[in-house]
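Engineer: Let me begin by handing over the structure; questions about it come next.
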Amino acid sequence: MKVVLTQDMESLGLGGEIVNVAKGYARNYLIPRGMALEATEQNIKLTERQRKNIEIKRIKAKEEALKVKERLSGISVTIAQKVGEEDKLYGSVTTMDIAEQLEKQGITVERRRMVLDKPIKTLGDFTVTVKLHPDVSASIKVVVVPEA
């Protein structure tokens, strides 16, 4: 089924593009959530008229992402966790913990934007990538220390 995307979607494409997706995915997920419109002649013409606005929004989003990247450069997050034998953590450090610590420093980043292959389960220094925009990503340093 062909649909016109109304917003940028990392897995499908950019807003305003016509993409081919499964019928169920379009009817049950994309269209009800307002992420896409059925690719009828009328909707395609409407999207063509709105293309300039979409481009302006995309440029603004990239500029904002660059500003956040600038703020994140050089940021270090220290997280204290309970430690067992051989410096293994009782729990693990997840993107939610990192997002909380960033918020305490005055920077709000959605935890879904953080790329963490697996939860951190040992002490040490780690680098976490934050995907702010399809073209912009930043790295933050996460230091896991034992709880006093």
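Engineer: When you go through Asp125, Asp97 one by one, which is the residue that is outside any strand (DSSP E or B), over 14 Å from the mean Cα position of the chain (by Cα) and touching a residue at least 12 places away in the same chain (Cβ under 8 Å)?
Structural biologist: Details: Asp125 fails: outside any strand (DSSP E or B).
From the options Asp125, Asp97, the qualifying one is Asp97.
Engineer: Starting from residues that are at pLDDT 85 or above, closer than 16 Å to Gln7 by Cβ and of a type outside the set (A, V, I, L, M, F, W, C), keep the ones in the range 58-94 and report whichever is surrounded by the fewest Cβ atoms within 10 Å (Cβ to Cβ).
Structural biologist: Lys60
Engineer: Among all residue pairs at least 6 apart or on different chains, which show Cβ distances below 9 Å where the first residue, located in the range 65-86, is touching a residue at least 40 places away in the same chain (Cβ under 8 Å) and closer than 15 Å to Val145 by Cβ and the second is loosely packed, with under 12 Cβ neighbours inside 10 Å and of a type in the set (A, V, I, L, M, F, W, C)?
Structural biologist: Filtered contacts from the range 65-86: Ala80/Ala148.
Engineer: Please specify each residue of the range 22-57 satisfying the condition of being exposed (fewer than 15 other Cβ atoms within 10 Å of the Cβ), of a type outside the set (S, T, N, Q), within 23 Å of the chain's Cα centre (by Cα) and under 18 Å from Met9 (Cβ atoms).
Structural biologist: The answer is Tyr25, Tyr29, Pro32, Arg33, Gly34, Glu55, Lys57.
Engineer: Against the definition (of a type in the set (A, V, I, L, M), touching a Phe, Trp or Tyr at 6+ places or on another chain (Cβ under 9 Å) and crowded, with 16+ Cβ neighbours inside 10 Å), how does Ile120 come out, yes or no?
Structural biologist: In short, yes.
The values are calculated or read from the model by the stated rules, or taken from the named source; none is laboratory data. Not measured: the values here are computed from a predicted model. Methodologically, a virtual Cβ is constructed for each residue, glycine included, from the backbone with ideal geometry; neighbour enumeration extends over all protein chains shown.
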